[in-house]
Amino acid sequence: MSASHDYQRVYVWEQPVRWFHWINALAITVLGVTGYLIAHPPAFMISREASFSYWFGTVRFVHFTTAYVLMVNFVVRLYWSFAGNKYANWRSFFPLTRAQLRQIWDVLKVDILQFSNKPVETLGHNSMAYFTYTATGLLTIFQIVTGFALYAPTSAAWFPHLFTWVVPLFGSEYTLRIFHYAAMWLFALFTIIHVYLVFYHDYVEGHGVISSMVGGWKFLEKDQIEAEQATGMSPLPSRKPDPKPAAKLKPSG
Amino acid sequence: MNSLMKINETAPTIYEQMVSRGVDRRDFLKFCAWMGAYLGLESSAAAQIAKAIETKRRIPVVWMHFQECTCCSESFLRSSHPIVADILLDKISLDYTETLQAASGFQAEEILHDTITKYKGEYLLLVEGSVPLGADGAYCVVAGKSALDSLHEVAAGAKAIIAWGNCASSGCVQAANPNPTQAMPVSAIIKDKPVINVQGCPPIAEVMAGVLVHLLAFDRIPQLDALGRPKAFYSRRVHDTCARRANYDAGLFVESFDDENARKGFCLYKVGCRGPSTYNSCATIKWNNGTSYPIQSGHGCIGCSEAKFWDNGPFYQRLTNFPGFGIESTADKIGLTVGGVVAAAVLSHAVLTNVRKGEEIGEGPGEKSDSGKPAGQP
């Protein structure tokens, strides 16, 4: 085994990406919880006069305010996909090249179905993950558009009224509301899988995926980095022939 | 306006007819002010309305009935203000309406034919009911003509088209899933002229009158929202004008119709009230001479002025069945089920990972050989 346990630190996630990630995570959590409360307000049978209480109004206020945070944050991230480094670039999010598609297949084989143990080494996300984030981004856009369309009638601001055209597409606000609510569940499902997979990759590969979203650094074996830089296709896979697949994968111990 | 003036120059004006029926000047002006207020106009508009009614002559009106239950007509006839029914039924003059006209058979059809040829481009077309397209329109045939053919024929020369109620505006119960007759609203069929959707099942009588008065007084179509409804009556949510709204903001909800909260008049949101997504004037104009409206009487709004409200059932649930997943499948049930499956998949994947990748975990390449264990090969 030529590769000693020799790691190199690589700066992958720049500040704006990390800020985006955590603000987005927080906003989605807040929106999910308040959205659920709006759909299913808990029963308070102990009642005061309505004039002394405004908790449901506050929940809605938090939901609407957080929606603005989510949206602005998302727009900044869109900008950064043009201005940021290659790991944040918009191109990575669309699996259009043969190499990206091949990597998606590799990820399915190695990480999801586990037919193969040969790890897929990438510095950014792998192509499969990037594609998942594209889907999540589309979901976010759907929630922004439908959410502001639903919010428009209660707002005097100009911005939500840009989305009033959405209601006729769904026929009525009631139908729109059901779709907006159902999409929340997709975020919940995404979160389960996302958090699990981050733990999985950190656990299995030991490249510091979890901490990378805090400090921005990832750790990769030196030979892997060299291979990747040689291809010039980062964050695409290094498809160089593995010098010692047997040694790496099947210690016959 | 000129086109209206051409009609029957010698006939008495609407106002003259009203006076001859014993309406005094004071009542007439009160009516004008009242209509102006309903339309959300400034106070000076009352004079404009009065002037229009004083000077204008009868507008010919054709009121077509297709697949409907006549609840729109019933609502209109029970309009609380006598002048409304008078002015609109007697004075604007209904030239043709299946349910109210004295004539029948060939005579009735002749009147219709005369009206649409003689007053081409001048008459108002009011449509009640949806138009079936299934079975070549055989589901609704009047005088040997399908509803579709009649509508095309009458709409061609109409000055303006009003779709009364949910049937004509969005199909109502006939268009509910699976829509066996392929019932369509007027706006889906008549594409070349604007259709005023006066929504509701039925619409409020005063709203119907208000829309007609607007057409009469200003000779143009009122401002419409994105779904073709007059903004004067459909721009506000029932929720935002609701008497129980304070309870909503305070989070005080009726949990079931017989609980203490129901007696206290709390918000009906959790027992399925559609007020938050329904646009209508129920909470302001109310029904039956301003007596009450469903929410005031303790029953949630069913959203009858919105498209597809029959399909968004059950009426007594806040979140209803998610489309495409069959009966009793709310978004929550689907979400929880899929969430459970995902959680199970994640757990088994974690177990699988430890089994399949146990050798790899915690070690970098070469680590095994470094540690001197009997690692594979050189």
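Which residue pairs have Cβ atoms closer than 9 Å, lie 6 or more positions apart in sequence or on different chains, and pair a first residue in region B:163-191 that is within 16 Å of B:HIS152 (Cβ to Cβ) with a second residue that is of a type in the set (Asp, Glu) and assigned to a loop (DSSP other than H, G, I, E, B)?
Short answer, once both residue conditions are applied: B:ALA168/B:GLU68.
When you check A:PRO251 against the structure, is it within 7 Å of chain B (Cβ to nearest Cβ), at pLDDT below 85 and surrounded by 18 or more Cβ atoms within 10 Å (Cβ to Cβ), yes or no?
yes
Which count do you get for residues in region B:153-174 that are in a helix (DSSP H, G or I) and more than 22 Å from the chain's Cα centre (by Cα)?
Looking only at that region, the number is 3.
So that you can scan it fast, the table gives a plain yes or no per residue for (1) modelled with pLDDT of 85 or more; (2) more than 26 Å from the chain's Cα centre (by Cα); (3) assigned by TED's automatic domain parsing to the domain that holds B:VAL271:
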| residue | (1), (2), (3) |
| --- | --- |
| B:GLY300 | yes, no, yes |
| B:CYS304 | yes, no, yes |
| B:PHE309 | yes, no, yes |
| B:ASP332 | no, yes, yes |
| B:GLY339 | yes, yes, yes |
| B:LEU352 | no, yes, no |
| B:VAL355 | no, yes, no |
| B:PRO365 | no, yes, no |
| B:GLY372 | no, yes, no |
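Being closer than 22 Å to B:GLY340 by Cβ, hydrophobic (A, V, I, L, M, F, W, C) and surrounded by 17 or more Cβ atoms within 10 Å (Cβ to Cβ) narrows it down to one of A:PHE187, A:PHE170, so name that one.
A:PHE187
Just to be sure, is A:LEU236 modelled with pLDDT of 85 or more and either at positive phi or buried (at least 18 other Cβ atoms within 10 Å of the Cβ) (or both)?
Numbers: modelled with pLDDT of 85 or more: no; either at positive phi or buried (at least 18 other Cβ atoms within 10 Å of the Cβ) (or both): yes.
No; evaluated as a whole, the condition is false for this residue.
Which of the residues belonging to region A:38-51 are part of a helix (DSSP H, G or I) and within 8 Å of chain B (Cβ to nearest Cβ)?
A:ALA39, A:ALA50, A:SER51
May I ask you to list the residues in region B:237-260 that are facing chain A (nearest Cβ under 8 Å), crowded, with 17+ Cβ neighbours inside 10 Å and out of contact with any helix residue (DSSP H, G or I) (no Cβ under 8 Å at 6 or more places or on another chain)?
none
If you go through region B:315-324 one residue at a time, do you hit one that is out of contact with any helix residue (DSSP H, G or I) (no Cβ under 6 Å at 6 or more places or on another chain), over 16 Å from A:TYR174 (Cβ atoms) and buried (at least 16 other Cβ atoms within 10 Å of the Cβ)?
no
Take the residues in region B:192-230 that are closer than 15 Å to B:THR278 by Cβ and among the charged types (D, E, K, R); name whichever of them is nearest to the chain's Cα centre (by Cα).
In this case the residue turns out to be B:ARG229.
Of the conditions (1) part of a loop (DSSP other than H, G, I, E, B); (2) in contact with a Pro (Cβ under 6 Å, 6 or more places away or on another chain), A:PHE131 satisfies every one except a single condition; which number is it?
All conditions are met except number (1).
Exactly one of (1) within 14 Å of chain A (Cβ to nearest Cβ); (2) within 28 Å of B:PRO194 (Cα to Cα); (3) touching a Leu at 6+ places or on another chain (Cβ under 8 Å); (4) part of a helix (DSSP H, G or I) is unmet by B:ALA307. Its number?
Single failed check for B:ALA307: (4).
Which of the residues belonging to region A:188-210 are within 10 Å of chain B (Cβ to nearest Cβ) and not β-branched (Val, Ile, Thr)?
Residues satisfying the conditions are A:ALA188, A:LEU189, A:PHE190, A:TYR196, A:LEU197, A:PHE199, A:TYR200, A:TYR203, A:GLU205, A:GLY206, A:HIS207.
With A:TYR54, A:TYR68, A:TYR79 as the choices, which residue is free of Cβ contacts under 8 Å to residues at least 12 places away in the same chain and at the interface with chain B (Cβ under 9 Å from one of its Cβ atoms)? Before you say what the answer is, go through the steps one by one.
Values: A:TYR68 fails: at the interface with chain B (Cβ under 9 Å from one of its Cβ atoms); A:TYR79 fails: at the interface with chain B (Cβ under 9 Å from one of its Cβ atoms).
After applying the criteria, what remains is A:TYR54.
I need the full set of residues from region A:125-145 which are surrounded by fewer than 22 Cβ atoms within 10 Å (Cβ to Cβ) and in contact with a Lys or Arg (Cβ under 9 Å, 6 or more places away or on another chain), in order please.
Correct list: A:GLY137 only.
Among the residues of region A:152-168, what is the count of those that are more than 12 Å from chain B (Cβ to nearest Cβ) and touching a residue at least 12 places away in the same chain (Cβ under 8 Å)?
Here the count works out to 2.
Scan region B:128-140 and give yes if some residue there is among the polar types (S, T, N, Q), over 27 Å from B:ASN280 (Cα atoms) and at pLDDT 90 or above, otherwise no. Let's see the steps before the verdict.
Our first condition is that a residue be among the polar types (S, T, N, Q); within region B:128-140, this holds for B:130.
From what is left, the residues that are over 27 Å from B:ASN280 (Cα atoms) are none.
Checked against the condition, which is being among the polar types (S, T, N, Q), over 27 Å from B:ASN280 (Cα atoms) and at pLDDT 90 or above, region B:128-140 yields no hits at all.
Does A:ARG91 count as outside any loop (DSSP other than H, G, I, E, B), surrounded by fewer than 19 Cβ atoms within 10 Å (Cβ to Cβ) and either without any contact (Cβ under 8 Å) to a residue 40 or more places away in the chain or within 14 Å of chain B (Cβ to nearest Cβ) (or both)?
yes
Looking at (1) closer than 22 Å to A:ALA88 by Cβ; (2) assigned to a helix (DSSP H, G or I), can you tell me which one A:ALA152 breaks?
It is condition (1) that A:ALA152 fails.
Kindly indicate whether any position in region B:143-155 is under 23 Å from A:THR175 (Cβ atoms) and in contact with a helix residue (DSSP H, G or I) (Cβ under 8 Å, 6 or more places away or on another chain).
Looking for residues that are under 23 Å from A:THR175 (Cβ atoms) and in contact with a helix residue (DSSP H, G or I) (Cβ under 8 Å, 6 or more places away or on another chain), one finds none in region B:143-155, hence no.
A:GLY171: free of Cβ contacts under 8 Å to residues at least 60 places away in the same chain, at the interface with another protein chain (Cβ under 7 Å from one of its Cβ atoms) and on the phi > 0 side of the Ramachandran plot, yes or no?
The answer is yes for A:GLY171.
Assess whether B:LYS191 counts as being over 25 Å from B:ILE14 (Cβ atoms) and part of a helix (DSSP H, G or I). Break it down stepwise before answering.
Working: over 25 Å from B:ILE14 (Cβ atoms): yes; part of a helix (DSSP H, G or I): no.
Considered against the rule, which asks whether it is over 25 Å from B:ILE14 (Cβ atoms) and part of a helix (DSSP H, G or I), B:LYS191 comes out as no.
The values are calculated or read from the model by the stated rules, or taken from the named source; none is laboratory data. Please read all numbers here as calculations on a predicted model, not as lab measurements. As a convention, Cβ positions derive from the backbone with ideal geometry for all residues, glycine included, and neighbour counts pool all protein chains shown.
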